[in-house]
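Derivation of every value follows stated rules applied to the coordinates shown; laboratory data play no part. Source: prediction; values computed, not measured. Ideal geometry is used to build each Cβ from the backbone, glycine not excepted, and the neighbour counts take in all protein chains shown.
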Amino acid sequence: MKIFVTGASGWIGSAVVPELLGAGHQVVGLARSDESAERLVAAGAMVHRGDIDDPDGLAQAAADSDGVIHLAFQHEIAFGGNFAAAAAADRRAVEAMGGALADSDRPFVLASGLLGMNVGRVATEDDGLVPSAEIRANPAGRRSATALLVLSLRGAGVRSSVLRLPPTVHGDGDNGFISILVGIARQRGVAGYVGDGANRWPAVHRSDAARLARLAVESAPAGSVLHAVGDEGVAFREIAEAMGGQLGIPTASVTPADAPEHFSFLGHFVGMDSPASAAITRELLGWEPTGPGLLADLKQDHYYRQA
């Protein structure tokens, strides 16, 4: 298959590309810069120059492909305070690519998120199909609505699926939430957690997420929801203790009121109890995580190297 991948040079995409190539597929990666294009060519992929704000270009690339994996999202804009704008751009991109694939039975895999899906209980692939009032009231709900749009494309002749990713897709080179939290702990001199730290985060190793993306584009049935979850729920206090142990600093509780000041833009997320299961995904696609779990990964030195 010839697969068009957005976000192909990003943290997850740079693992998805070799996963696809290793399985015998061709890859066309979206690149918005010369640097990204060079990385894709070096990996063995072809390049489509453009960005998420070019729906016509995205539609053409999708039409010229045998399927799409859409990993790109404007995280800089979203976490810079304008999540609604990033979500709106994402929806326009999805509408363009989904329209280009209509009536073709070709696959369209959308990356989406798990954090906050079911606060306080284990989320399954059957959850989140009807947005809660809380989700609808939050700008992040727009991204959830786009995921539902992708699932509805099965009625338009697209083999669509939504790949829900946990808040940490970890591994050597990770510059996401966990890496940021390590930096905050180092700066503060304490590895913090909110309240008693019993709230849980799901997690997955990058290699396992990449393999699931490949399986999704190859064989996920139309309308599938997939959970890329290796660790169902790691208590945040254990995450803090692992960081503190490696950094040689103490752990300490942070009150919910102080969390935004202590954790910066992550303050809203670190106290969430958001475990998730991948039981349906494993049965549907035969996917089994093989990479190290989050706590094992946090014992490796790659999170603690300083530039």
- Which residues in segment 205-246 place their backbone N less than 14 Å from a point set 7 Å from the Cα of I280 along the Cα-to-Cβ direction? 221-229
- Message: Suppose we keep just the alpha-carbon trace of segment 1-138; what are its Rg and Dmax in angstrom?
- Response: 15.9, 46
- Calculated FRET efficiency, Q187 and L129, Cβ-Cβ r, R0 41 Å, to nearest 0.05? 0.55
- Message: In Å, what Kirkwood hydrodynamic radius results for segment 165-223 from the alpha-carbon pair distances?
- Response: 13.7 Å
- Task: Express as a percent, rounded to the nearest 5, the fraction of DSSP beta bridges in segment 159-307 (both residues included) that run antiparallel.
- Result: 20 percent
- Task: Working from Cα positions, state the angle (0 to 90°, nearest 10) between the long axis of helix 236-247 and the longest principal axis of the chain.
- Result: 70 degrees
- Item | Pair A145, F269: separation of 7 Å Cα→Cβ label points (nm) | 2.2 nm
- Please report how far the C-alpha centroid of segment 37-106 lies from that of segment 152-205, rounded to the nearest whole angstrom. 21 Å
- For segment 44-119, restrict the atom set to alpha-carbon positions and state the Rg and Dmax in Å. 13.6, 41
- Nonlocal amide H pairs with T168, under 5 Å, H built at 1.01 Å: V204
- Kirkwood Rh and Cα Rg combined as Rg/Rh, segment 256-307: 1.13
- Query: Can you give the extra length, in nm with one decimal, that the chain gains between A296 and D103 once fully stretched, where that is 0.36 nm per residue apart less the Cα-Cα distance?
  - Reply: 65.0 nm
- Query: What number, in percent, do you get for the relative contact order of segment 1-108 if the mean sequence gap of Cα pairs under 8 Å and at least 6 apart is divided by its residue count?
  - Reply: 28 percent
- Taking the reciprocal of mean 1/r across every pair of different Cα atoms in the chain, the Kirkwood radius in Å is 19.6 Å
- Query: On average over all directions, what projected area in square nanometres does segment 1-76 have, based on the convex hull of its Cα atoms?
  - Reply: 4.4 nm²
- Of G57, G176, G192, which has the largest mean-square fluctuation in a 10 Å C-alpha GNM of the chain? G176
- Query: What FRET efficiency comes out for the pair D172/D51, r = Cβ-Cβ distance, R0 = 25 Å, nearest 0.05?
  - Reply: 0.35
- Message: Report for the chain the percent antiparallel among DSSP-assigned beta bridges with both residues inside it, nearest 5.
- Response: 10 percent
- Item | Value at 222 nm in deg cm²/dmol, rounded to 500, when DSSP H runs of n ≥ 4 in the chain each add -39,500 (n - 2.57) | -11500 deg cm²/dmol
- Message: Full-extension gain between L21 and A85, please, as 0.36 nm times their residue separation minus the C-alpha to C-alpha distance.
- Response: 19.7 nm
- Query: So for segment 182-236, taking the charge dipole from beta-carbon charges (+1 Lys/Arg, -1 Asp/Glu), which of G189, P202, G223 sits furthest toward the positive end?
  - Reply: G189
- Item | Rounded to 10°, Cα long-axis angle of helix 141-152 versus longest principal axis of the chain | 40 degrees
- Query: Which residue, P256, P292, P275, has the most motion in a Gaussian network model of the chain that connects Cα atoms within less than 10 Å?
  - Reply: P256
- Under the definition of Cα pairs under 8 Å and six or more residues apart, what whole-number percent is the relative contact order of segment 149-307? 33 percent
- Could you tell me what % of all Cα pairs in segment 162-263 have separations over 20 Å? 45 percent
